[in-house]
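Only one structure is covered here, and it is reproduced in the block below.
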Amino acid sequence: MLGSRVLSSVLKRNRQSAICNIGRKLPHFSRQHFKELPTSPSRSFFHAFRSLPKGHNVGSMRNSSTVASVGLESKEGVKLLVTAGPHARKMVGIWLFGSAAWVFSMVILGGVTRLTRSGLSMTDWKFTGQLPPLSDEEWSKEFEKYKQSPEYKRVNKGMSLDDFKFIYWMEYGHRMWGRALGLMFAVPFSYFLRKGYITVQLGLRLSGLFALGAGQGMIGWWMVKSGLEEPASEYAEPRVSPYRLAAHLTSAFAIYTGLFWTALSVVMPEPPAESVTWVRGAAKVKRLALPVGLIVGITAVSGAFVAGNDAGRAFNTFPKMGETWIPDGIFEMKPLIRNFFENTATVQLDHRILATTTLASISALWWFTRKVDLHPAVRSLIGSTVGMTLLQVSLGISTLLSYVPVSLGTAHQAGALTLLTLMMLLNHTVRKPSLPLLKSLPQVAKPLF
């Protein structure tokens, strides 16, 4: 409902702009003709071309779409990332949204892999991938490799072959799902480049995201490798470095946000703006939405350190941490900075404080904008963000009190990415419109009924 409201507003404005631009290009065709056209885009263009005087040469519909796009880019000051017409923008947008959704699923699958302690089951890595064990002999060989790892010796000693197969398939699926994403991204990218749909600016941006995605596999192995090393203490459980896990998760979040923001920019080159009053209201929201979005992102990254230190399985009480509000020993490590990334008590306390700050800041965003005159889509987005924040905080508390079950832990990680998505959508929707569009807007939006 929310997405359709935003898109319908943008499509309506783009349709009117395209028709007016074509009118400027066509002699002997007055603008009054365009005012009398039906509202359907396809019927509008058909009626326009059928009404032309005889002898007037008109290119194909594809050329007309391109003219409209160029008109938007040059005459109205809108910098389109895809300039080959509405159909091209739609196709590229679907591809980018699909790629972002795939990355989202990768983050969720990675969370399940970590929570089921499957990430250290494969003790080697090849950039091009490899076939899974297909015979009993190959399975026995892989199992013997795993038996040499610190995790088997200290945590899973005596594990059966069937149990090993489960964690192996989890890690193997996670790796191959990432490689499939690379293929799913590269093939359409090459096709759209060949068709000329993608501008230089968009091409450079997507190339950077593709390179980051290719490096993500190496970051993942760099992370896993740290968990295959012997722990410093004989009593410590082997686990991956919290710094490397945070780098891996933050990189995944960066790829996702880059893809999602770019997809929004392709399909919505202009924000929904139907009056100057609503634009002014959006500007007020933007001043608050950007810092709030940064807080949401920092809170999500702090969750990676909670996962890396297994801090969710300590202090499983709320609102206090054990018997106190602030546990002992939060600054016992030297140098002091290490406590914020390696000390279990400090890391969890930080995450609690940041989560509370996120809830307070998003609530403040809603409170200070509740009387501002806003576009209905912006108003709905703010309400949805508040609701998602309350759900995410509830999931976090439930996960902690339940000692981090796989289901709740996975839902909490998905909730963090969903909340970040809503903040990106809000910040994208309250962007400043182009100057020509701003000049063409009425002071107050016309009533819908």
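The values are calculated or read from the model by the stated rules, or taken from the named source; none is laboratory data. Remember, it's a predicted structure, so these values are computed and weren't measured experimentally. Here the Cβ positions follow ideal geometry from the backbone for every residue, glycine too, while neighbour counts run over all protein chains shown. Only protein heavy atoms, including side chains, enter the accessible area calculation; ligands, DNA and RNA are left aside. Shrake-Rupley method; radii C 1.70, N 1.55, O 1.52, S 1.80 Å.
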Given the conditions (1) hydroxyl-bearing (Ser, Thr, Tyr); (2) buried (at least 16 other Cβ atoms within 10 Å of the Cβ); (3) under 30 Å from ILE198 (Cα atoms), and given that THR128 satisfies all but one, which numbered condition is not satisfied? (2)
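Among the candidates GLU270, GLU230, GLU274, GLU237, single out the residue that is open to solvent by 20 Å² or more (accessible area, probe 1.4 Å) and in contact with a Leu (Cβ under 9 Å, 6 or more places away or on another chain).
Working: GLU270 fails: open to solvent by 20 Å² or more (accessible area, probe 1.4 Å); GLU230 fails: in contact with a Leu (Cβ under 9 Å, 6 or more places away or on another chain); GLU237 fails: in contact with a Leu (Cβ under 9 Å, 6 or more places away or on another chain).
After applying the criteria, what remains is GLU274.
Of everything in segment 142-179, what is touching a residue at least 60 places away in the same chain (Cβ under 8 Å) and within 27 Å of the chain's Cα centre (by Cα)? Give them in sequence order.
As a first pass, look at segment 142-179 and keep what is touching a residue at least 60 places away in the same chain (Cβ under 8 Å): 149-151, 154-155, 173-174, 177-178.
Matches in segment 142-179: GLY173, HIS174, TRP177, GLY178.
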Members of segment 302-339 found to be surrounded by fewer than 17 Cβ atoms within 10 Å (Cβ to Cβ), without any contact (Cβ under 8 Å) to a residue 60 or more places away in the chain and either among the acidic types (Asp, Glu) or not in a loop (DSSP other than H, G, I, E, B) (or both), listed by number: GLU323, THR324, ASP328, GLU332, LEU336, ILE337, ARG338
Go through the residues of segment 197-216 one by one and say whether even a single one is of a type in the set (Phe, Trp, Tyr), at pLDDT 90 or above and more than 27 Å from GLN348 (Cβ to Cβ). yes
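In segment 81-109, which residues are assigned to a loop (DSSP other than H, G, I, E, B), among the small types (Gly, Ala, Ser) and either within 17 Å of PHE185 (Cα to Cα) or in contact with a strand residue (DSSP E or B) (Cβ under 9 Å, 6 or more places away or on another chain) (or both)? It would help to see each step written out before you state the result.
Initial filter on segment 81-109 (assigned to a loop (DSSP other than H, G, I, E, B)): 81, 83-85.
Cutting the leftovers down to among the small types (Gly, Ala, Ser) gives us 84-85.
Correct list: ALA84 only.
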Residues within segment 110-159 that are part of a loop (DSSP other than H, G, I, E, B) and hydrophobic (A, V, I, L, M, F, W, C), tallied: 8
Out of GLY308, GLY297, GLY303, GLY312, sole residue that is over 30 Å from SER440 (Cβ atoms), under 26 Å from the mean Cα position of the chain (by Cα) and at pLDDT below 90: GLY308
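Consider segment 256-275. How many of its residues are touching a Ser or Thr at 6+ places or on another chain (Cβ under 9 Å), in a helix (DSSP H, G or I) and not hydroxyl-bearing (Ser, Thr, Tyr)? Give the steps one after another, and end with the answer.
Applying the first criterion (touching a Ser or Thr at 6+ places or on another chain (Cβ under 9 Å)) to segment 256-275 yields 256-257, 259-260, 263-264, 268-274.
Those still in the list that are in a helix (DSSP H, G or I) too: 256-257, 259-260, 263-264.
Now narrow it down to the ones that are not hydroxyl-bearing (Ser, Thr, Tyr): 259-260, 263-264.
Within segment 256-275, residues that are touching a Ser or Thr at 6+ places or on another chain (Cβ under 9 Å), in a helix (DSSP H, G or I) and not hydroxyl-bearing (Ser, Thr, Tyr) number 4.
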All conditions in (1) open to solvent by less than 40 Å² (accessible area, probe 1.4 Å); (2) within 16 Å of the chain's Cα centre (by Cα) are true of LEU437 except (2)
Scan of segment 64-100 for residues that are open to solvent by 60 Å² or more (accessible area, probe 1.4 Å) and either of a type in the set (S, T, N, Q) or at pLDDT 85 or above (or both), ordered by number: SER74, PRO86, HIS87, LYS90, MET91, ILE94, PHE97
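Which one is surrounded by the most Cβ atoms within 10 Å (Cβ to Cβ), of the residues in segment 340-376 that are of a type in the set (Phe, Trp, Tyr) and over 20 Å from VAL386 (Cβ atoms)?
The first filter runs over segment 340-376 and keeps only residues of a type in the set (Phe, Trp, Tyr), leaving 340-341, 366-368.
If we keep only those that are over 20 Å from VAL386 (Cβ atoms) as well, we get 340-341.
Details: PHE340: 16, PHE341: 18.
Of everything passing the filter in segment 340-376, PHE341 is surrounded by the most Cβ atoms within 10 Å (Cβ to Cβ).
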